[in-house]
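The values are calculated or read from the model by the stated rules, or taken from the named source; none is laboratory data. Keep in mind it's a predicted model, so treat the numbers as computed, not measured. Ideal geometry is used to build each Cβ from the backbone, glycine not excepted, and the neighbour counts take in all protein chains shown. The accessibility values were calculated without ligands, DNA or RNA, using every heavy atom of the protein model including side chains. Shrake-Rupley method; radii C 1.70, N 1.55, O 1.52, S 1.80 Å.
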Amino acid sequence: MTVDSSPQIKIVVLGARKVGKSAVTVRYLTRRFIGEYSSSKDLLYRHHVCIDDQSCEVEVFDTSRFQDDVFPANKVDWADAFVVVYSTADRQSFHMAAESLRQIQELMVGRHASVILLGNKKDLEHVRQVGIDDGHEMSLHFQCQFYEVSAADTHVGVTLAFQSALRETLEFKSRRTLPIRQKLGAMTVSKMIGAVFGKAIKNDKKKRPSLSL
């Protein structure tokens, strides 16, 4: 009997109503675009992917019922990564994204999770309410990655965002399984670098990937 040793990664997709959570999720999983639709059901997708020659099993939980400021706190312990979606054409959804990031940060104290802030609908420039600088500033504040995309136009930005979350999660999982001696060695090297470069290293840590695609 063969045991599948592929790492498993669980991603929760959060966001206000009508920001395109399902469109973003399906765009990543199938590269197809689905029009906006309303669903009262949470959806769980399973997907097999290969990241940097590393095979892994991915579960994506699309929280379609996340609305009216109700945060699905019960999914925090379940998740390895979060994709927090807002619409660039809806300022209120941006505020709700900030609240989601705050709650994730609060509930994840002492634990690690990859977090992506994803601004969707950048193709709707004529009704834009949230600038790219706003998203970048929020990502710096919450120390998360930031992507601005259009799920309607192309799969590229959405795919890069999800792959970034998967890559960061895989890196953390691999470090967690290192022998203690290797972990201590990595910490010692890090301290030496910090002593040499001082504040410059601390400032660099604040810079996270930020793309508009």
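A few comments on the model shown:
- Top-ranked residue of segment 139-153 - restricted to ones that are touching a Lys or Arg at 6+ places or on another chain (Cβ under 9 Å) and in a helix (DSSP H, G or I), ranked as surrounded by the fewest Cβ atoms within 10 Å (Cβ to Cβ): Leu140
- Filter result for Gly131 (open to solvent by 60 Å² or more (accessible area, probe 1.4 Å) and among the small types (Gly, Ala, Ser)): no
- Which numbered condition Ser55 fails, given (1) part of a strand (DSSP E or B); (2) touching a Phe, Trp or Tyr at 6+ places or on another chain (Cβ under 7 Å): (2)
- Verdict on Arg175 being among the charged types (D, E, K, R), open to solvent by 60 Å² or more (accessible area, probe 1.4 Å) and at pLDDT 95 or above: no
- Filtering His95, His112 for residues that are open to solvent by 60 Å² or more (accessible area, probe 1.4 Å), at pLDDT below 95 and closer than 24 Å to His136 by Cα leaves a single hit, His112.
- Selection from segment 81-137 of residues that are within 17 Å of Ser150 (Cα to Cα) and polar (S, T, N, Q): Ser87, Thr88, Ser93, Asn120, Gln129
- Only a single criterion out of (1) in contact with a helix residue (DSSP H, G or I) (Cβ under 9 Å, 6 or more places away or on another chain); (2) at pLDDT 95 or above; (3) under 23 Å from Arg27 (Cα atoms); (4) not basic (Lys, Arg) is not satisfied by Gln129, namely (3).
- Which numbered condition His136 misses (of (1) part of a helix (DSSP H, G or I); (2) closer than 19 Å to Phe33 by Cβ): (2)
- When Gly157, Gly110, Gly131 are screened for being out of contact with any strand residue (DSSP E or B) (no Cβ under 7 Å at 6 or more places or on another chain), among the small types (Gly, Ala, Ser) and over 13 Å from Tyr86 (Cα atoms), only Gly110 passes.
- Within segment 38-74, the set of residues being farther than 21 Å from Thr154 by Cα, modelled with pLDDT of 80 or more and crowded, with 17+ Cβ neighbours inside 10 Å comprises Cys56, Val58, Phe61, Thr63.
- Scanning segment 13-37 for residues that are surrounded by fewer than 24 Cβ atoms within 10 Å (Cβ to Cβ), in contact with a Ser or Thr (Cβ under 8 Å, 6 or more places away or on another chain), in contact (Cβ under 8 Å) with a residue 24 or more places away in the chain and not in a helix (DSSP H, G or I) yields a count of 4.
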